[in-house]
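Single-structure report; data block below.
Rule-based calculations on the coordinates, nothing more; no lab input. In this text the structure is predicted, and so the values were computed from the model without any measurement. Here the Cβ is made from the backbone with ideal geometry for all residues, glycine too, and neighbour counts use every protein chain on show.
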Amino acid sequence: MRFDDDFIQKIIEVTDIADLIGQYTSLKPTGSGLMGRCPFPDHNDKGPSFSVSPHKGVYHCFGCGKSGNAITFLKDHNGLTFLDAVTLLANKAHIALPKDSKNKTDPKLRDLKSMILQANQLALNYFVKCRESKLDQDLAGSYIEKRKLQPETLQTFQLGYAPESWEGLTRYLSQNGIPPDIGVQAQLIRPKSEGSGHYDFFRSRLMFPILDPMGNPIAFGGRIIQPPSENSPANTDQAKYMNSPETPVFHKGKTLFGLYQTSRHIRSQGFAIIVEGYMDVISLYQSGIQNALAPMGTALTLDQCKVLMRYTKSVTVLFDGDQAGIKAAIKSLPILLSAGIIPKGLFLPDGLDPDDFIQKYGASDLQNLIQKAPDLFTLILGQWLEGYRGSASEKIQISEKLAPILNTISDQRLKSLYLEEASWKLGVNPDWWKKLLTTSSLTSPAKSTYFSNTTNSRSNESPSGFSPIETSTPSAQDLLVLSLSGVSALDISWLQFILQFEQGWNLENAHQINAFVQIQSQEIFKKAQFLSRQEGIFFDKVLGLLTTYVDNPEKLFMDQNMISSLTSGGDSTQSRYFLDIAKKIQDRYLLNSISKVQTELKKAPQEALLHQLTHLQKLRQSLFKGQLLIAPLSQGEL
């Protein structure tokens with residue numbers, strides 16, 4: 001879906017940026033707006049350096065430099081796409097998304113999805129209330145205590161409890177206006193096989209909500225913490241983990257558990273850790289390793305890797321050190337490589353899972369192992385080379401395992417490096433490999449083994465199901481059209497002044513100075529003018545809107561000390577500042593013009609060129625006296 005400028009501006013204007021950011025950090029009033037500690041996890045802010053201007057609709061951290069508006073905050077902090085960020089803000093403001101002729105979504109299906117999400121949110125609330133109440137507290141509480149889960153962790157992951165009651169959730173949904181057919185389509189309740197009525201799908205389980213990148217619950221996973229009673233049917237409830245079957249909003253194999261909670265940490269740390277289960281993610285997060293995700297299926301899928309690529313291209317895969325872990329590692333390698341990810345890998349010792357390892361050795365030891373993890377390719381090759389004696393048959397067997405993996409790599413540099421490593425360790429000539437990889441028997445990857453994009457559709461599967469992320473085609477706004485790359489410090493100062501001080505914006509000769517700055521600066525200024533001409537858009541909103549269209553928007557924000565100095569000095573101080581910048585910009589222009597004339601004089605001395613040089617030098621002298629140029633010189637004047 002594509003949004004036009006007017007719609008984006010409307011979303012930014014109606015969003016209370018202070019309320020949005022206030023959910024992540026405490027903000028207190030100051031003379032110029034609100035201040036607080038930076039909410040971004042990669043900035044260990046010891047004092048309040050994060051500024052929010054509700055009137056302008058912008059934020060800026062004077063410590064780490066991050067800045068922007070409500071949309072950029074959700075993209076940078078929560079890891080949302082542009083489309084997801086705008087959609088989330090529009091939904092919160094109860095603004096209908098614009099109709100798009102390219103959007104073929106059936107309105108009935110869209111309404112159904114909305115109802116299912118509403119039912120899921122009510123179910124989440126119900127499960128959390130059951131956990132927090134004394135209902136079956138001896139069951140849920142004992143398991144939570146055994147796993148040493150802290151209250152903050154329970155809140156972050158919104159863990160709940162589905163009591164043994166057959167119709168508790170069924171009644172709760174009905175009381176809150178959810179028709180039974182919606183509850184059935186959400187896979188929360190099921191019709192009774194005999195007679196009328198419905199019963200709860202999840203019972204006697206610790207509940208793990210599966211959230212989309214915007215925090216909406218789209219499915220659930222449940223871990224049994226008590227065997228079913230004698231009155232419970234001996235069917236699917238016997239499974240240790242049970243997950244929501246697929247629904248219109250939940251498609252297995254398209255998301256990763258924990259993405260909503262960990263995406264900002266993945267962005268700040270630059271890599272993600274892939275683990276196998278719900279509790280692995282939660283245990284790591286509680287211990288301070290907050291960039292872990294779990295696919296929770298028989299194998300990592302290409303769709304999940306595509307989602308992961310939105311946040312990082314660096315991945316460390318953490319496996320249990322048993323045969324199942326080794327098998328999972330082998331299956332995940334070609335999937336990751338084919339997606340363009342260069343993965344690292346780690347087998348935990350003694351057959352421990354991440355939670356057990358942390359309990360036994362501590363999080364710092366696990367961090368050290370993760371930092372030293374080798375490439376996953378190297379790790380798997382090492383497994384295959386255990387007991388290797390260099391016989392011809394062994395070389396053929398291992399090469400046949402490696403060939404499909406190597407053929408998934410599109411980056412020829414990486415492929416060449418892996419070939420060299422495999423050749424050296426196997427004791428074969430690299431040229432032999434190249435010939436081997438071109439044979440028909442080895443060029444096609446074994447798709448049934450490595451490239452399955454679906455997981456087991458049964459509800460009784462290993463520790464969880466996959467939550468869906470509906471991939472979308474990036475809109476034009478995802479592609480930044482205004483770049484500050486290469487813009488001089490002088491031009492940056494100029495843009496900062498006219499965008500943050502109304503006097504600079506309203507000065508009559510502000511527009512004439514813009515003709516002397518670099519092309520990128522001129523385009524940004526023109527965009528700001530366009531935004532200011534929109535109906536109802538005032539100067540103090542321009543900067544907030546502009547940050548949507550500019551890369552590195554933090555460069556548009558002036559230093560706090562300079563802002564204070566210019567604000568306290570009043571109009572006269574601001575006028576002197578403007579004149580100083582304007583003179584420097586025009587002087588730069590004149591110096592460049594003089595340099596060009598001098599170069600031509602060296603090639604062929606001419607009287608006309610001497611006159612031009614004299615004229616330019618006089619203009620510089622006038623400039624020093626405060627006489628600004630009205631416009632760039634014409635060819636005749638030069």
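At 7 Å along the Cα-to-beta-carbon direction for both S314 and R2, put a label point, then send me their distance in nm to one decimal.
3.6
Amide H of V58 versus every other amide H placed in the peptide plane: which residues, excluding those fewer than 5 positions away on the same chain, fall under 5 Å?
S53
Exposure proxy check: W432, W166 ranked by fewest other beta carbons within 10 Å? If you can, show how the numbers build up before the last one.
Working: W432 13, W166 16.
By the 10 Å Cβ count, ascending: W432, W166.
Going from the alpha-carbon gyration tensor of region 1-104, what semi-axes, largest first and in whole Å, does one get by taking the root of 5 times each eigenvalue? Each step should come with its number before you reach the end.
Numbers: eigenvalues 155, 40, 20 Å².
In descending order the semi-axes read 28, 14, 10 Å.
Once each part is reduced to its C-alpha centroid, what is the distance from region 33-71 to region 184-217 in angstrom?
40
Under a cut-off of 19 Å between alpha-carbon atoms, report the aspartates and glutamates in cross-link reach of K254, not counting same-chain residues fewer than 8 places apart.
Output for K254: D84, D212, E246, E276, D303, E461, E470.
Using only alpha carbon pairs under 8 Å that are at least six residues apart, calculate the relative contact order of region 119-207 and give it in whole percent. It would help to have the intermediate numbers written out before the result.
Numbers: 107 pairs, mean separation 31.0, N = 89.
Relative contact order here is 35 percent.
Name the long-range amide H neighbours of T255: under 5 Å, sequence gap of 5 or more, or other chain; modelled H, no Pro or chain starts.
When sequence neighbours closer than 5 places are left aside, the close amide H contacts are S467, I469.
In which sequence would F62, F220 go, from the one with the fewest C-beta neighbours within 10 Å to the one with the most? Mind dumping the intermediate values first?
Working: F62 20, F220 28.
Taking fewest neighbouring Cβ atoms as first place, the list is F62, F220.
Step through the residues of region 601-609 one at a time and calculate ³J(HN,Hα) from phi using the Karplus curve (6.51 cos²θ - 1.76 cosθ + 1.60, θ = phi - 60°), rounding each to whole Hz and writing x for Gly and Pro.
5, 5, 6, 7, x, 9, 5, 5, 5
Rounded to the nearest angstrom and ordered from largest down, what semi-axes does the equivalent ellipsoid of region 48-206 get from its C-alpha gyration tensor (root of 5λ)? Please list the in-between numbers first.
Values: eigenvalues 270, 139, 24 Å².
Whole-Å semi-axes of the equivalent ellipsoid: 37, 26, 11.
Can you run phi through the Karplus equation (6.51, -1.76, 1.60; θ = phi - 60°) for region 243-260 and list ³J(HN,Hα) in whole Hz, with x for Gly and Pro?
10, 4, x, 5, 9, x, 10, 9, 10, 4, x, 10, 8, 10, 5, x, 4, 4
Would you mind getting me the FRET efficiency between Q23 and S416? Use the beta-carbon distance for r and R0 = 41 Å, nearest 0.05.
Values: r = 48 Å, r/R0 = 1.17.
Between Q23 and S416 the formula returns 0.30.
Per the Kirkwood definition applied to all pairs of different Cα atoms, how many angstroms is the hydrodynamic radius of region 543-599? The partial results should precede the final answer.
Working: mean 1/r = 0.0710 Å⁻¹.
Here the Kirkwood hydrodynamic radius works out to 14.1 Å.
Once label points are set 7 Å from the Cα along Cα→Cβ at both R147 and D551, what is their separation, rounded to one decimal in nm?
4.3
Decide, for region 259-388, between rounded, prolate and oblate: order the square roots of the alpha carbon gyration tensor eigenvalues as a ≥ b ≥ c, take rounded if a/c falls under 1.5, and otherwise choose prolate if a/b is larger than b/c, else oblate. Could you put the intermediate results ahead of the total?
Working: a/c = 1.59, a/b = 1.07, b/c = 1.49.
Note, shape of region 259-388 comes out oblate.
For region 302-315, just list the computed ³J(HN,Hα) in residue order, Karplus coefficients 6.51, -1.76 and 1.60, θ = phi - 60°, integers in Hz, with x standing in for Gly and Pro.
Working through the residues one at a time gives 4, 4, 5, 5, 5, 5, 4, 5, 5, 10, 6, 10, 10, 9 Hz.
In region 367-430, what is the volume of the convex hull around the alpha carbon atoms, normalised per residue and reported in Å³? Intermediate values should be presented prior to the final figure.
Details: hull volume 6.2 nm³, N = 64.
Given the Cα convex hull of region 367-430, per-residue volume reads 96 Å³.
Under 28 Å Cα to Cα from K625, which lysines show up? Leave out anything in the same chain fewer than 8 places away.
Correct list for K625: K583, K584, K596.
Using modelled backbone amide H atoms (1.01 Å from N, in-plane), which distant-in-sequence or interchain residues come within less than 5 Å of I210's amide H?
I218, A219, F220, G221
Report the label-to-label distance for W432 and S393 in nanometres (one decimal), using points 7 Å from each Cα along the Cα→Cβ vector.
According to this spin-label approximation, the distance is 1.7 nm.
Would you kindly work out the equivalent ellipsoid of region 142-279 from its C-alpha gyration tensor and give its semi-axes, the square roots of five times the eigenvalues, largest first in whole Å?
Numbers: eigenvalues 162, 69, 36 Å².
They are 28, 19, 13 Å, listed from largest to smallest.
So which of K92/K192; K240/K327; K146/K344; K306/K526 end up more than 26 Å apart, counting from Cα to Cα?
Over 26 Å Cα-Cα: K92/K192; K146/K344; K306/K526.
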